[in-house]
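Worksheet for the structure shown next.
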Amino acid sequence: MTARLRRPTGAPVGLLCALAAVLAGAGAVVAARAAAPSAERSVVALWASAAALAWCAAVVAAVVLRGRVGRLRVQLAEGQARVEAAHAAALRAGTDTAAAVSEAQASRARANAARTEAEAARIELLAARSETVEARAEAAAARAAADDERAELARLAEQTIPQVVGRLRAGASVDTVLVEHRQTAHEDLLRLMAREVAYGERQRAAALAVCATAAGRVQALATSMHAELREMEHRHGEEVLGDLLRLDHSTAQAGRMADSIAVLTGARSGRRWTKPIAVESILRGALGRIGAYQRVRLHSASTAAVAGYAAEGVMHALAELLDNATNFSAPPAEVHVYVEELHSGLVITVEDGGLGLSEVWLRRAERAVSGEALDLTALSAGTRLGLAVVGALARKHGLSISFRPSSRGGTGVVMLIPEQLVAHPEPAAAQPVRVTARPAPAATAPQSVPPPPITDGGLPKRRRGQTMSAATGSVAAPAAKTGRPETAGRFGAFRQAVQGPQSVPPHPAPPADLPKDNS
Amino acid sequence: MTRVGQPARDDDPDRLYTVTGGRSQAPQHAFDVVTLIVSEDEPQPGMQSEHARILRLCARPTAVVEVAAELGLPVSVVKILLGDLLEAGRITARHPRFVPAQAKLPDLDMLKQVLHGLQKL
């Protein structure tokens, strides 16, 4: 660069030098021509001009050479500079190279480190992958185990537990039940549950037994009180009759309550009648057990009777229905009971004039008296105990009970007593027994009784609900049927004997004669 | 009355208050134990069975106490039932206490013999 700058200044200096040399030659020529004699002037001038020319040429040559030297020097400087630059560049390049080498080494080291890391990572990855595989295998195994467990649990829930609970409910002991389920996966669980269920079952059974026993005692008390009250009602006059009847009524209601508890706890019913009970007595027996019996009107012309073993149940069920009917109709409203003899049995209809059951209650009532087994948990507050009792009795005796809205505005309950529970007394017994025809029943009654069924061994067979004497029909039946007219006849004879010593006819006189005697 | 001495057995399901419909007082002065009852009507179907039995029994004159014995009911209850029938006009009642005084009463020996005869039965 410096050479390039110096170059343009060198040329003018050279030119100036050349010019000055030319001028100096010219001056020397002029001076030499002027100084030299005129003869010699032409030679001197010629020589001077030649010298000047040589001088000029030398000067020009010097100038040119100098210019060339200058250029060379510039070129040299440039070359030096280039060399320096190259050197510097080389130095830089060397340092760069060294740096690059070191960098390369460093990067190689890093690469090595990275490689080792990558290697380590790969190993880890492999390890992790193997772990994953293991874990997956474990998970699969666990899942299989869980599936097994679930299947086992499902079997436990669907088969084993219901079976165990069912057998425990049926009264088997825990050990007996669990014998079949030894060595099963959930034996401990099963044992724990079985113990709890058995404990609960024992508690329930104990509570039921206590209730049943208590109810039985109250029933027995009520029965004996009834007998004593009846005896007192006979013994005392009418001045205490009202009080006795009230006591009788209260006792009957208490007895019904005890009967209800006995029915719900599965105990035996309170009484067993040994003879068929006439429908009228059934109705009145039911009537006597409710509070508002005076609001019930009976409409029955039926002469049928209900078999003795079922009579108590029918009366009790009917009493509960009547109690419902009177409770759900306002006090002045009457409850009407109708009896109808059908081919399929005896239909007793209870109609009240109350508000009537709602659709929901109607369905609930239907369900309560349907054939479903009694569930004690359904006896929560708000459910009518009476309908549960009716349901239990209906199941026991095969009564069918249905509810319908009554045409009188309330509810009508229809109870069908199946034919096999209904006895139809012989027409002779139902016919009016006239005292004037007194010998006739004695003769006809045994004949009217059907010949008793005979077993294979030749012994008379007793029908259900009948006593043996009623079945044989020879001893007790005539005494029961015809004994009373006999007694009346004796009293008639006694009275006539009292009234006069005149001849007493062996049989009571016809009615037309007696007023004469009295007048 | 006739049941005194029998064991206190309650072999009838219908209670007496259902027989009388809850009443315990007979109409006053209508009957005493020896009033004779005569039925004036046949029993009707659908009638209370005691009423029907009374009507059948009293087809010839019968004393109240006899009716009670026959029905196995206390006299006071029978009086209530007879009161119903009397009100409905189905029976008539005659009072033997209006028997004329000159009617001869049997002597005491006769009564004793009758009593012995009864006890032997």
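Every number here is computed from the coordinates shown, using simple stated rules; none is lab data. Bear in mind that the values here come from a model prediction, so they are computed numbers and not experimental data. Cβ placement follows ideal geometry from the backbone for every residue including glycine, while neighbour counts extend to all protein chains displayed.
Using the Cβ-Cβ distance between A:Leu125 and A:Tyr199 with R0 set to 56 Å, the FRET efficiency works out to roughly 0.40. Set the Förster distance to 22 Å, then compute FRET efficiency between A:Thr213 and A:Thr274 from the Cβ-Cβ distance, nearest 0.05. With R0 = 22 Å, the Cβ-Cβ based efficiency is 0.35. Label-to-label distance, A:Arg155 versus A:His87, with points set 7 angstrom from Cα along the beta-carbon direction: 10.0 nm. Rounded to whole numbers, the Karplus 3J(HN,Hα) couplings from phi for the range A:53-63 are 4, 4, 4, 4, 4, 4, 4, 4, 4, 4, 4 Hz, using 6.51 cos²θ - 1.76 cosθ + 1.60 with θ = phi - 60°, and x at Gly and Pro. A Förster radius of 25 Å combined with the Cβ-Cβ distance from A:Glu359 to A:Ala330 puts the calculated FRET efficiency at roughly 0.70.
The range A:100-121 and the range A:124-197 have their alpha-carbon centroids 58 Å apart.
Multiplying the sequence separation of A:Val69 and A:His424 by 0.36 nm and subtracting their Cα-Cα distance, what value in nm do you get? That works out to 110.8 nm of additional length. Relative to the current alpha-carbon distance between A:Ala301 and A:Ser344, full extension at 0.36 nm per residue lengthens the span by 13.7 nm. Taking label positions 7 Å along the Cα-Cβ direction at both A:Ala58 and A:Val30, the computed distance is 2.2 nm, reported to one decimal. For the range A:98-110, the Karplus equation 6.51 cos²θ - 1.76 cosθ + 1.60, evaluated at θ = phi - 60°, returns couplings of 4, 4, 4, 4, 4, 4, 4, 5, 4, 5, 5, 4, 4 Hz by residue, with Gly and Pro reported as x. Amide hydrogen proximity for A:Val335: with H placed 1.01 Å from N in the peptide plane, the residues at 5 or more positions away or on another chain lying under 5 Å are A:Val296, A:Arg297. Each of A:Leu46 and A:Leu189 was given a label point 7 Å from its Cα along the Cα-to-Cβ line. The distance between the two points is 15.1 nm.
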